[in-house]
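J.: Next up is a structure, given as structure tokens.
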Amino acid sequence: MKICYWGTAAAEGIPAIFCNCDVCKEAREKKDRYIRTRSQLLIDDTLMLDFNADTYAHLLKYGFNAAQLKDVIVTHIHGDHYYPEDISLRREGYCTGMKYPTLTFHGSEDLLTQSEYSQRGDLRPVETGRIAFDVLQPYKWSEIAGFRVVPLPATHGTPHPMVYLLQKEGKTAFILNDSGILKDEVFAWIKDSGIKFDLVSYDCTMGCLDTIKAWGDNASHMGIPNILAVRERLKANGNYKNDTVSVITHFSHNGEGVGYGDMLKTAEKYGFVLAYDGMTVEI
């Protein structure tokens, strides 16, 4: 399984568009891995995770032709993960020659509704079959783009946010962003499944901040102290292997110690792989 980290930032990106904090100034000066676009993954060149406002730029940067795309799974409907305005560009008269007649977005029922954060956009691509929505149910497995996929309830600020377990050819990846610490029932389901992860990709929005201490038990993001607690719980439950890869991603410039250089030292200290835009991990 090849996981390409096209974007590794939270909603604002790093540097944030209107910000001149120290983290953003450093990113503008040093560029390269210090710059982070909004979080998005492409897995085995067939399955996209999230469809945000940076998708078009990502397609150009990484040389991927979306005319060959068939499936997108969506974690939640915040605009840095789901930007439906671009979906309307798949309607008749705007594109031809797609490999597949229908592009399917898989996710919660929130994809079908409008909210203060996101609108579904022009419905003509849906009416003509060029776009479809597949509502997934928590804890239920589906077959998508050659993967076995199961969504699990995330801890985040939309009605039905999800994180995902992905399996293919004996490998399992747990994509754990955008989310705070999972609820006990989610940990119980994972434990009872007996699944052992080859990779876990953690939300590290707030860098070194303990979000539970700062915001309470329903914090919608994590920092290093929270990630360490989650990793230890997964290990205690038997879901880690000796060689499981732990990745940290989805950084906000508002977090503690989130500049690339500082975060690299933290990642190395605790045995994490620090994601950066354009990073590829194979498991």
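J.: Tally the residues that are aliphatic (A, V, I, L, M) and touching an Asp or Glu at 6+ places or on another chain (Cβ under 6 Å), restricting the search to the range 124-165. Break it down into steps so the answer makes sense when it comes.
T.: Residues of the range 124-165 aliphatic (A, V, I, L, M): 126, 131-132, 135-136, 144-145, 149-150, 152, 154, 162-163, 165.
This time we only want the ones that are touching an Asp or Glu at 6+ places or on another chain (Cβ under 6 Å), so: 135, 144-145.
Here the count works out to 3.
J.: If you don't mind, there's one more thing I want to ask. Determine the pairs where a residue that is under 18 Å from Thr96 (Cβ atoms), located within the range 126-140, has a partner that is at pLDDT 90 or above and surrounded by 14 or more Cβ atoms within 10 Å (Cβ to Cβ) with Cβ atoms under 6 Å apart, the partner being 6 or more residues away or on another chain.
T.: Within 6 Å, the pairs are Gly129/Thr102; Ile131/Leu103.
J.: Quick one: which residue in Val150, Val230 is touching a Phe, Trp or Tyr at 6+ places or on another chain (Cβ under 6 Å) and either at negative phi or surrounded by 15 or more Cβ atoms within 10 Å (Cβ to Cβ) (or both)?
T.: Answer to the selection: Val150.
J.: Does at least one position in the range 17-32 carry a residue that is part of a strand (DSSP E or B), at pLDDT 95 or above and among the hydrophobic types (A, V, I, L, M, F, W, C)? Walk me through how you get there before you give the answer.
T.: We begin by selecting, within the range 17-32, every residue part of a strand (DSSP E or B); these are none.
The answer is no, given that none of the residues of the range 17-32 is part of a strand (DSSP E or B), at pLDDT 95 or above and among the hydrophobic types (A, V, I, L, M, F, W, C).
J.: So, one more: Considering only the range 232-280, how many residues are assigned to a strand (DSSP E or B), hydrophobic (A, V, I, L, M, F, W, C) and under 20 Å from Ala10 (Cβ atoms)?
T.: Number of matching residues: 6.
J.: Test each condition in (1) polar (S, T, N, Q); (2) under 24 Å from Met162 (Cα atoms); (3) surrounded by fewer than 21 Cβ atoms within 10 Å (Cβ to Cβ) for Thr96 and report the one that comes out false.
T.: Failing condition for Thr96: (2).
J.: Shifting gears a bit: Would you tally the residues in the range 51-74 being outside any strand (DSSP E or B), touching a Leu at 6+ places or on another chain (Cβ under 7 Å) and buried (at least 21 other Cβ atoms within 10 Å of the Cβ)?
T.: 2
J.: Pick from Val200, Val258, Val245: which is surrounded by fewer than 21 Cβ atoms within 10 Å (Cβ to Cβ) and either of a type in the set (Ser, Thr, Tyr) or modelled with pLDDT of 95 or more (or both)?
T.: Unique residue meeting the criteria: Val245.
The values are calculated or read from the model by the stated rules, or taken from the named source; none is laboratory data. Fair warning: this is a prediction, and the values are worked out from it, not measured in the lab. All Cβ positions, glycine included, derive from the backbone under ideal geometry; neighbour counts span all protein chains shown.
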